[in-house]
1. What is the chain's relative contact order, in percent, from Cα pairs under 8 angstrom and six or more apart in sequence?
2. Non-local amide H neighbours of Arg28 (under 5 Å, H modeled in plane, Pro and chain starts lacking H): which ones?
3. Mind putting a number on the dipole of the chain about its Cα centre? Charges go on the C-beta only, +1 for Lys and Arg and -1 for Asp and Glu, and I need it in Debye to the nearest 20.
4. Based on the Cα atoms of the stretch 3-232, what semi-axes does the equivalent ellipsoid have, where each is the square root of 5 times one gyration tensor eigenvalue, given in whole Å with the largest first?
5. Give me Val33, Val89 ranked fewest to most by other Cβ atoms within 10 Å of their Cβ, as a rough exposure proxy.
6. Based solely on its DSSP helices, what 222 nm [θ] is calculated for the chain when runs of n ≥ 4 H residues each add -39,500 (n - 2.57) and the sum is averaged over all residues, nearest 500 deg cm²/dmol?
7. Using Cβ contacts closer than 10 Å as the measure, can you line up Tyr150, Tyr176 from fewest to most?
8. Of the peptides 224-232, 163-171, 137-145, 9-17, how do they stack up when ordered by the mean number of other Cβ atoms within 10 Å, highest first?
Amino acid sequence: MSQYLFKSINRDVGKAIHHYDMISHGDRILVGVSGGKDSLALLWILNERLSRIPIKYELYPVYIDPGFPNGFSDALCEFVKRMGFDLRVEKTDDGIAAHNVTNLENPCFLCARLRRKRLFEIADELDCKKVAFGHHKDDIIETFFLNICYSGNISTMRPAQSVFKGKIFIIRPLAYVEEDRIKRFAGNKQFPEFSNPCPSAETSKRKEIKELLNQLYRSNNKIRGNIFRSMKNVHPEYLL
């Protein structure tokens, strides 16, 4: 694995953790594992950092199985076990319920909402006050545009935020890392690639936004960084 690639990712993970005070000594952290490269990279990096930093914390990886046929939970369990963890798999029918004929317009929103609700319940069971997600810089930018285009508001997911009146603290340590770097990292580490059985995987609104943004990025390599910085440089007096 390219040492420079790992160092650059680790530096930006450390920067995000420090800037947003994400992790403290003694934390019990639920890590939401989806089977994708992002969450696997997050689990690997958070575990690797334990050997080099003065604080200690515990990681509890959890996968919410949405219930689609041809799922990959068994293979995912085997891989996570090789990383040194027992993956908790929660079997649900959330994905199938979200694709009910009465909810075909936006199944992804309902599926994500149900999945997150169950993760928070499990975090409470495990006494985990922190829940870590593998969302990266491009996810944050895409969510910003999704909310503008489809929800009519200016917002995105924050690198760290408190929910349920401080009962749970959501953290996104990959917030400063671009998707391309995570892809290369996952390839270098030979993470497995699981086929997403969700019927909306190739037709989601997020994919449309991603393709639109990639066209912009190809035209000017400064656009991604400018968009990301703009979310911390807001001038409300020039908004409606």
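Nothing in this text is a laboratory measurement; each read-out follows from the coordinates by a stated rule. Keep in mind it's a predicted model, so treat the numbers as computed, not measured. For neighbour counting, all protein chains shown are included, and Cβ atoms are generated from backbone atoms with ideal geometry for every residue, glycine included.
1. 24
2. Glu58, Lys129, Lys130
3. 860
4. The three semi-axes for the stretch 3-232 are 25, 24, 18 Å.
5. The order, fewest Cβ neighbours first, is Val89, Val33.
6. So the helix-based figure for the chain works out to -14000 deg cm²/dmol.
7. Final ranking by Cβ density, sparse to dense: Tyr150, Tyr176.
8. So the peptides 224-232, 163-171, 137-145, 9-17, ranked by packing, come out 137-145, 9-17, 163-171, 224-232.
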